[in-house]
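Below is one structure, written out as structure tokens, with a few remarks after it.
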Amino acid sequence: MKQDLLNWIRPEIRALKAYQVADASGLVKLDAMENPYCLPAEVLDQAQSGLLNAAINRYPDPAARVLRARIAEVMQLPAVAETVLGNGSDELIQMLIMAVAGAGRSVMSFEPGFVMYNMISRFVGVDYAGVPLTKNFAIDMAATEAAIAKQQPALIFIAYPNNPTGNLFAAEDIERIIKIAPGLVVIDEAYQPFAQHSFMPQLEHYEQLLVMRTVSKMGLAGLRLGVLCGHPELITEIDKIRLPYNINVLTQQTATIALQHIAVLEQQAARIREQRELMLQQLAALAGIEVFPSQANFILFRILQGNADDVFKHICDAGILIKNMKASAGSLKNCLRVTVGKSEENTAFMQALQAALA
Ligand SMILES: *Cc1c(COP(=O)(O)O)cnc(C)c1O
């Protein structure tokens, strides 16, 4: 292609590498924090008959009122708060950053952290500052306070639990950040079903606080649905940026029915939490690795002897796809991340890992 055509693409975009999703065909998929369980047949039947009646010749309800009412109930939204929905929480992150972007504005989060905060800041052309976490992946409060004072960030993202590390930050550190932040603070609770800790009740106390959830990790990743909760006046502003029909009619219908059966999803999350505890114990008993605490549905561990690339390849050759963190910065050196799957999948993973370490 002619170079002068490509020159119309902004240099920051040309410098980016596209977000890579590994091909999982034929492999046990333990790389992307998906829930391994399907919905029971009777719930699927109900969802399917809903879909047959969906008016796909019409635009969906732009405000997704029925679904938002169900979400408010299921997620225990405080009466003072409102919601706006995104096509996955990734879209909400994009809407938030677009809403604050401008000359002299910056976005802040922590490193290692969720890559989308950084990537979307670049797409939108706003400065991003990633404050390094401590060696144990806790928030470095001295560094954070200094960075906030210097940068005056318009927006701070805090993943709670953090991805890719899996730990929950200290609630008092987060509360302190909320208090000293000059702008908005978003608590990203993508893994709330596995951590069972939430800042949702704090929406009553802090106008600058926003709480973000997603249905992806709880078992509905294919629907693409995220929820941002916060003060109605802030939500009204964010909603102006939302494209009019961002939640399609099939997602609105299916999510409404699935969330009617939230007890099923909660039971699945409980099974995943049990499996996580079992895997944490088994990993801690292995020589040659360091395993990090997790309150999420995945576990980060470091290969102490040898090379994480080799271990990753061994596990892949055994038919199991996990995530190699090698591309990430220094503190994740030689680290791998495994999603908690079904019991038999986790057993197969543990066997493959042991064989790779032997
Ligand atoms: C997976 C993940 C998301 C994205 O979720 P979607 O709703 O699927 O877009 C957001 N934040 C964190 C921390 C995640 O790990």
Under the 0.36 nm per residue contour assumption, what length would be gained going from the current alpha-carbon distance of Ala318 and Ala22 to full extension?
105.0 nm
What number, in percent, do you get for the relative contact order of the stretch 125-208 if the mean sequence gap of Cα pairs under 8 Å and at least 6 apart is divided by its residue count?
29 percent
Sequence of Thr134, Thr165 from largest to smallest accessible area, 1.4 Å probe
Thr134, Thr165
Under a point spin-label approximation (7 Å from Cα along Cα-to-Cβ), what is the Gln208-Ile180 distance to one decimal in nm?
1.1 nm
In units of 2.2 N^0.38 Å, what is the alpha-carbon radius of gyration of the stretch 134-215?
1.05
Amide hydrogen neighbours beyond the local backbone of His261, cut-off 5 Å, H modeled:
none
Can you count the Lys pairs in the chain whose Cα atoms are under 15 Å apart, with each pair 8 or more apart or on different chains?
9
Virtual spin-label span in nm between Ala79 and Ser198, 7 Å along Cα→Cβ
1.8 nm
Only bridges with both residues in the chain count here: give the DSSP antiparallel percent, nearest 5.
50 percent
Quickly work out the Gln281-to-Gln3 label distance, labels modelled 7 Å from Cα along the C-beta direction, and quote it in nm with one decimal.
6.3 nm
Quick query: amide H of Ser106 versus all other amide H atoms, modeled in the peptide plane; which residues come in under 5 Å with a sequence gap of 5 or more or a different chain?
Ala154, Leu155
Assuming 0.36 nm per residue, please report the length gained on full extension of the stretch Asp309 to Leu44 beyond their Cα-Cα distance.
91.4 nm
Relative contact order, percent, of the stretch 54-261 when contacts are C-alpha pairs under 8 Å separated by at least 6 residues?
31 percent
Given the convex hull over the Cα atoms of the stretch 165-264, what projected area results after averaging over all orientations, in nm²?
7.7 nm²
What is the projected area of the convex hull of the Cα atoms of the chain, averaged over all directions, in nm²?
20.1 nm²
Expressed in angstrom and ordered largest first, the alpha-carbon extents of the stretch 54-261 along the principal axes are 54, 37, 29
May I ask you to derive the FRET efficiency for Glu12 and Leu357 from their Cβ-Cβ distance with R0 = 41 Å, giving the value to the nearest 0.05?
0.50
Using R₀ = 22 Å, calculate the FRET efficiency as 1/(1 + (r/R₀)^6) where r is the Cβ-Cβ separation of Asp61 and Ala263; round to 0.05.
0.30
Met33 accessible area, assembled protein chains, probe 1.4 Å, Å²
10 Å²
List the relative contact order of the chain as a percent without decimals, with contacts defined as Cα pairs under 8 Å and 6+ residues apart.
23 percent
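The values are calculated or read from the model by the stated rules, or taken from the named source; none is laboratory data. Here the structure is a predicted model, which is why all the values come from computation and not from measurement. A quick note on method: Cβ atoms are made from the backbone with ideal geometry, for glycine too, and the neighbour counts reach across all protein chains shown. Each accessible area value is taken on the protein alone, full model and side chains, heavy atoms only, with ligands, DNA and RNA left out. Shrake-Rupley method; radii C 1.70, N 1.55, O 1.52, S 1.80 Å.
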